[in-house]
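The values are calculated or read from the model by the stated rules, or taken from the named source; none is laboratory data. The structure presented is a predicted model; accordingly, all values stated were derived computationally and were not measured. Here Cβ is always computed from backbone atoms with ideal geometry, including for glycine, and neighbour counts include all displayed protein chains. Ligands, DNA and RNA are stripped out before the accessible areas are found, and what is left, the full protein with its side chains, is counted by its heavy atoms. Shrake-Rupley method; radii C 1.70, N 1.55, O 1.52, S 1.80 Å.
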Amino acid sequence: MTLEEIRSRLEAFVPGCHAEIVVNGSPSAQNSLLIDRRHGLQTAMYLRDHPELQLDFCSNVTAVDWPDREETETIKTRKIVDGVEKEVEETKKTTIPGYLEVVYHLFSIAKKEGPVVLRMHTANRTDDVTLQSLTPVWRSAEFQEREAFDLFGIVFEGHPDLRRILMWEGFTDHPMRKDYVPPPDDDLELLAVSKPGA
Amino acid sequence: MTQALPPEAEQDEVMEISMGPQHPSTHGVFRMDVRLDGERVLRLKPVFGYLHRNHEKIAEAASYLAEIPYTDRLDYLCSMTNNWGYALAVEKLAGLTVPERAEYIRVIVSELTRLQNHAGMVGFLLQDMGASGTPLMYAFREREKVLDLFESLSGARMMCNYMRFGGVRVDCSAEWLGQAAKVVGGFGGFLDEFEQLLTGNEILMARTQGVGVLPRELAINAGVTGPGLRASGVNYDLRKVDRYGVYERFQFRVPLGEHGDVFDRYMMRVLEMRESVKILEQALRDIPSGPFIDPKARLRGLRPKVGEAYARIESPKGELGFYLISDGSPNPYRYRVRPPSLINLTVLEDMCLGQNIADVVVILGSIDIVMGEVDR
């Protein structure tokens, strides 16, 4: 089944689901499906249980941080300056709000096919970073989603055991974010000592 | 997951034990929070992170080429296969091709890696079971020969830093191929001797058969890969499924287990070593002459086009994947390792529940983990 077929079926059979194909410009040509964040779990169950797809193996789960970015556009407009029509260049700055993204690489062991790449975006990078956990569908996401929670700060709703996995419990930041600033080494040591048992 | 505690009266019998991180059987700094009723395991939660150095963040600041030696240090027993996984991902991302001779060299060094990894793993497993010394010494004697080969080829025994995008760093000489053929030729004899000593051994069977059973469905759902998956009877070997490199040219079988217990996982390693010997014999016989690296491949200042790629290989531990996102700059925007050692641990608790504490050591040993890869 091609990605386009999967997309149209998802929109037909998962009520309310919005899926979009993200084109990959590299020679690998691994395109992916961007699913709206409210239908992650239903989509995952559909993909796993569909007899033609049988995506029974969720290989890789990871996250990507896309911070706010500014785009400057130069627009040429015709304006009347001092009574004469002239071409004037104007720069327009737009801020594109950032988000956190999760990426799932799905394969089918039954049909020996794959990968189908699934992506989901959080609403922003600050106060609405919740996504549906896919661990109830694929146990292999358990530790990997914990890692995305730990290092990127994505909260997975419905995860059975969402705790930090690599950093210690008292740690508050998310080191894989692009704007993370590591504290000086001595501070890290003090932090570790002041949180016994963590 | 967590089992219900026994009735109130027995609750004070329950003991919480922190096993590790400095425990001889944990294969590095790994800890398990275990709840025990007598010797029976009621709950087991693995604790990671003691060796965490944020490998993925380091890669974001390094160029594509400079990342290769870091991959050596993931699973530090298998630097050759780590190199290959990463090189494959970059080759997919940048659309590079690999000359035939380089593909053969990659197969040869990777199968040698599998031999020494599995030999070491079986040795350590037996060591964990209390067979002090002998099996491990036998295994390490063979491993030494492979490491000697790596040293004369790449200059390093463990941190080989050998593969490059579009090929390998240096060519192997005819003399080296002769030496490799000699090591491979003697390996079958070692396996016979090893198996005679171990496979039929009553104590080994008693300690491993029916212990730590991993059902087929759970193995697939939990993303267990490599020998652990095949021990549960799932025929899924990336060398056959993805046919990366030139693996489709070699005749070899994929051994499968029936019970999914520790004994099957032990047997998978032994049988896979025999298959690797077959692959090596064919590869050493058929290796063509030609360039060992694509002369057009650009190593320094590589700037792949904007895009992403996921590549995976069958490393000795399981499916080793690399996921790269390029933003067109000389270093990756995102670099992700899919670590088989970590994901294979997902089912550790499931396999240990209801077993004795002494079996936990054996079950953990049968998964075959390296903390450098688990914690990254």
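If I filter the range B:102-112 for residues that are within 14 Å of the chain's Cα centre (by Cα) and either at positive phi or of a type in the set (Lys, Arg) (or both), do I get at least one hit?
Checked the range B:102-112: no residue is within 14 Å of the chain's Cα centre (by Cα) and either at positive phi or of a type in the set (Lys, Arg) (or both).
Results for (1) surrounded by 24 or more Cβ atoms within 10 Å (Cβ to Cβ); (2) out of contact with any Ser or Thr (no Cβ under 6 Å at 6 or more places or on another chain); (3) touching a residue at least 12 places away in the same chain (Cβ under 8 Å), shown as yes or no for each residue.
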site: B:Gly38; (1), (2), (3): no, yes, yes
site: B:Cys78; (1), (2), (3): yes, no, yes
site: B:Ala87; (1), (2), (3): yes, yes, yes
site: B:Ala94; (1), (2), (3): no, yes, yes
site: B:Arg101; (1), (2), (3): no, yes, yes
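Suppose we filter B:Ala311, B:Ala358 for residues that are hydrophobic (A, V, I, L, M, F, W, C) and open to solvent by 10 Å² or more (accessible area, probe 1.4 Å); which single one remains?
B:Ala358
Suppose we filter B:Ser341, B:Ser329, B:Ser289 for residues that are more than 9 Å from every other protein chain (Cβ to nearest Cβ) and part of a helix (DSSP H, G or I); which single one remains?
B:Ser341
From the residues in the range B:344-370 that are part of a loop (DSSP other than H, G, I, E, B) and touching a Ser or Thr at 6+ places or on another chain (Cβ under 7 Å), which one is nearest to the other protein chains (Cβ to nearest Cβ)?
B:Ile369
I need the full set of residues from the range A:112-150 which are among the hydroxyl-bearing types (Ser, Thr, Tyr) and over 30 Å from B:Asp237 (Cα atoms), in order please.
Once the filter is applied, which keeps residues that are among the hydroxyl-bearing types (Ser, Thr, Tyr) and over 30 Å from B:Asp237 (Cα atoms), the range A:112-150 yields A:Thr122, A:Thr126, A:Thr130.
Among the residues of the range B:254-281, what is the count of those that are assigned to a helix (DSSP H, G or I) and touching a residue at least 24 places away in the same chain (Cβ under 8 Å)?
Looking only at that region, the number is 18.
Can you name the residue in the range B:40-67 that is small (Gly, Ala, Ser) and in a helix (DSSP H, G or I) and is also least open to solvent (accessible area, probe 1.4 Å) among such residues?
Taking the candidates together, the pick is B:Ala59.
Only one residue in B:Leu299, B:Leu324 is within 13 Å of another protein chain (Cβ to nearest Cβ) and hydrophobic (A, V, I, L, M, F, W, C). Which one?
After ruling out the rest, the residue left standing is B:Leu324.
Please go through the range B:302-321 and pick out each residue that is free of Cβ contacts under 8 Å to residues at least 40 places away in the same chain and facing chain A (nearest Cβ under 10 Å).
Matches in the range B:302-321: B:Val306 only.
Considering every residue within the range B:217-225, establish whether at least one is under 15 Å from B:Val347 (Cα atoms), within 21 Å of the chain's Cα centre (by Cα) and without any contact (Cβ under 8 Å) to a residue 60 or more places away in the chain.
Yes; the residues of the range B:217-225 include at least one that is under 15 Å from B:Val347 (Cα atoms), within 21 Å of the chain's Cα centre (by Cα) and without any contact (Cβ under 8 Å) to a residue 60 or more places away in the chain.
Restricting to the range A:130-181, count the residues that are crowded, with 18+ Cβ neighbours inside 10 Å, outside any loop (DSSP other than H, G, I, E, B) and either facing chain B (nearest Cβ under 9 Å) or not aromatic (Phe, Trp, Tyr) (or both).
Of the residues in the range A:130-181, 12 are crowded, with 18+ Cβ neighbours inside 10 Å, outside any loop (DSSP other than H, G, I, E, B) and either facing chain B (nearest Cβ under 9 Å) or not aromatic (Phe, Trp, Tyr) (or both).
Return the residue satisfying two criteria in turn: it lies in the range B:322-355 and is under 23 Å from B:Phe124 (Cβ atoms) and polar (S, T, N, Q), and of such residues it is surrounded by the fewest Cβ atoms within 10 Å (Cβ to Cβ).
Looking at the filtered set, the residue picked out is B:Gln355.
Check every one of the strands (runs of 3 or more DSSP E) wholly within the range A:19-66 and list those with 1 or more residues that are surrounded by fewer than 20 Cβ atoms within 10 Å (Cβ to Cβ) and either of a type in the set (D, E, K, R) or within 11 Å of chain B (Cβ to nearest Cβ) (or both).
A:19-22, A:57-66
Can you tell me which residue within the range B:188-240, out of those that are closer than 16 Å to B:Pro340 by Cα and part of a loop (DSSP other than H, G, I, E, B), is farthest from the other protein chains (Cβ to nearest Cβ)?
If we take residues in the range B:188-240 being closer than 16 Å to B:Pro340 by Cα and part of a loop (DSSP other than H, G, I, E, B), then B:Gly226 is farthest from the other protein chains (Cβ to nearest Cβ).
So B:Tyr70 clears everything in (1) surrounded by fewer than 24 Cβ atoms within 10 Å (Cβ to Cβ); (2) of a type outside the set (S, T, N, Q); (3) closer than 12 Å to B:Met158 by Cα; (4) at pLDDT 90 or above except one condition, right? Which one?
The number of the failed condition is (3).
Write out, first by first residue and then by second, each pair whose Cβ atoms fall under 9 Å of each other, whose residues are 6+ apart or on separate chains, and whose first residue, in the range B:40-56, is under 15 Å from A:Phe143 (Cα atoms) and in contact (Cβ under 8 Å) with a residue 60 or more places away in the chain while the second is open to solvent by 40 Å² or more (accessible area, probe 1.4 Å) and part of a strand (DSSP E or B).
Short answer, once both residue conditions are applied: B:Leu44/B:Asp33; B:Leu44/B:Arg35; B:Lys45/B:Asp33; B:Lys45/B:Arg35; B:Pro46/B:Arg31; B:Pro46/B:Asp33; B:Phe48/B:Arg31.
Scan the range B:274-288 for residues that are of a type in the set (Gly, Ala, Ser) and over 12 Å from B:Arg249 (Cα atoms) and jot them down.
B:Ser276
Which ones in the range B:38-54 are under 15 Å from A:Glu169 (Cβ atoms) and among the basic types (Lys, Arg)?
B:Lys45
Mind telling me which of the residues B:Arg253, B:Arg243, B:Arg269, B:Arg285 ends up being buried (at least 18 other Cβ atoms within 10 Å of the Cβ) and not aliphatic (A, V, I, L, M)?
Of B:Arg253, B:Arg243, B:Arg269, B:Arg285, the one residue that is buried (at least 18 other Cβ atoms within 10 Å of the Cβ) and not aliphatic (A, V, I, L, M) is B:Arg269.
Out of everything in the range A:1-17 that is surrounded by 14 or more Cβ atoms within 10 Å (Cβ to Cβ) and assigned to a loop (DSSP other than H, G, I, E, B), what residue ends up being nearest to the other protein chains (Cβ to nearest Cβ)?
Selected residue: A:Val14.
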